[in-house]
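Below is one structure, written out as structure tokens, with a few remarks after it.
The values are calculated or read from the model by the stated rules, or taken from the named source; none is laboratory data. Just so you know, these numbers come straight off a predicted model, no measurement behind them. When we count neighbours, we look across all protein chains shown, and the Cβ atoms used for this are built from the backbone with ideal geometry, even at glycine. Please note that ligands, DNA and RNA were not included when accessible areas were found on the heavy atoms of the full protein model with its side chains. Shrake-Rupley method; radii C 1.70, N 1.55, O 1.52, S 1.80 Å.
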Amino acid sequence: MTYQPVPVFLYHSVSADPPPWIAPFTVRPRVFAEQLDLLADNGLDVVPLRRLVASLRGGPPLPPRSAVLTFDDGFADFHSTVAPLLAARGLPATLYVTTGALGGLSWPPERGSLLPPAPMLTWRQVRELDPFVEIGGHTRTHPQLDALPRQSAREEVLGCKDRLEDALGHRVDSFAYPHGYSSRTVRRLVDEAGWTSATAVRYGFSSGADEPLRIARLMVRADTTRDRFLDWAQGLGAPVAPFPERALSRAWRSYRRLRAGIDHPHPSLPLTAR
Ligand SMILES: [Zn+2]
């Protein structure tokens, strides 16, 4: 059986002037606006992530040509640049924040994150955005969850949810794995913590048969060409979930675990390999 491909786009920063470490994962505002318009021009329906999750959990199916927009980490440009461009088009999105990376006052104070320095959202801005976009969690410190001891991974997954729910005063349901990395154990922890969905990377389309705790996403990067984006908008150019984990991903995880054991955790940049 084949399934209708659902592109779940993953963005990081949208800026004309990003710090060098995030530049390869940053889309310029003009290009981002063009991509949003391409979706509309090609008849895609941008739906909230929760509608995809509902369809994966047996609820109503999505409109035939749906897409989802997601943003990882919590860069400050979401507030200044992304939100106005989304609002002007009435588009829903999910913003996954690393709670330890957020600026401004928080009590008790967070202990920081592994992300290199960059302008990040403040807690106040996250609260301002909350009525307009879905705020999701992306751990406290942005570790590679699948290379952490179980107890530390649990604390990251649960602690981030508690902090967000305290700050926003309501439930938060949606989680994204830092770097897209998860394992069966990590997915179980995410489920036990009460997250109802979790997005990975996987470089593929989601679909009505995808896994709610391992939703496939397509990463839009600085080097994503217009043609590549247009292919994705048309459901072309990437595998459609469910598909098995690649042997390469498994090998890469073993390597990262080994490094974490003998040395220090692999540098915490966003996805350098899959
Ligand atoms: Zn991230």
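Per-structure values
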{"read-out": "Shape category assigned to the chain from the gyration tensor of Cα positions, a/c cut at 1.5", "value": "rounded"}
{"read-out": "Computed [θ] at 222 nm, deg cm²/dmol, the chain (DSSP H ≥ 4; -39,500 (n - 2.57); rounded to nearest 500)", "value": "-9500 deg cm²/dmol"}
{"read-out": "Phi to ³J(HN,Hα) by Karplus 6.51 cos²θ - 1.76 cosθ + 1.60 over segment 151-164, Hz, x for Gly, Pro", "value": "5, 5, 4, 4, 5, 5, 6, 7, x, 5, 5, 4, 4, 5"}
{"read-out": "Under 12 Å, Cβ to Cβ, from H79 - net charge with Lys/Arg +1 and Asp/Glu -1", "value": "-1"}
{"read-out": "Percent RCO, i.e. relative contact order, over the chain, from Cα pairs under 8 Å lying at least 6 residues apart", "value": "22 percent"}
{"read-out": "Whole-Hz couplings from phi, Karplus 6.51/-1.76/1.60, listed for segment 143-148; x for Gly and Pro", "value": "x, 7, 4, 6, 10, 8"}
{"read-out": "Solvent-accessible area per residue, Å², over the chain with all protein chains present [probe radius 1.4 Å]", "value": "44 Å²"}
{"read-out": "For segment 112-151: rounded, prolate or oblate by the Cα gyration tensor [a/c cutoff 1.5]", "value": "oblate"}
{"read-out": "³J(HN,Hα) computed for each position of segment 7-19 - Karplus, 6.51 cos²θ - 1.76 cosθ + 1.60, integer Hz, glycine/proline x", "value": "x, 10, 7, 10, 10, 10, 8, 10, 7, 8, 8, x, x"}
{"read-out": "Accessible area of segment 8-262 belonging to carbon and sulfur atoms, whole % at 1.4 Å probe", "value": "54 percent"}
{"read-out": "Amide proton proximity set for A198, modelled H, under 5 Å, gap of 5+", "value": "F175, L213, R214, I215"}
{"read-out": "Neighbour-limited loop hits for trypsin sites (Lys or Arg not before Pro), segment 144-181 (at most 16 other Cβ within 10 Å; DSSP other than H, G, I, E, B)", "value": "R171"}
{"read-out": "Charge context of T26, other residues only, Cβ under 13 angstrom, K/R +1, D/E -1", "value": "-2"}
{"read-out": "Between segment 75-132 and segment 6-52, the Cα center-to-center distance that results, in Å", "value": "16 Å"}
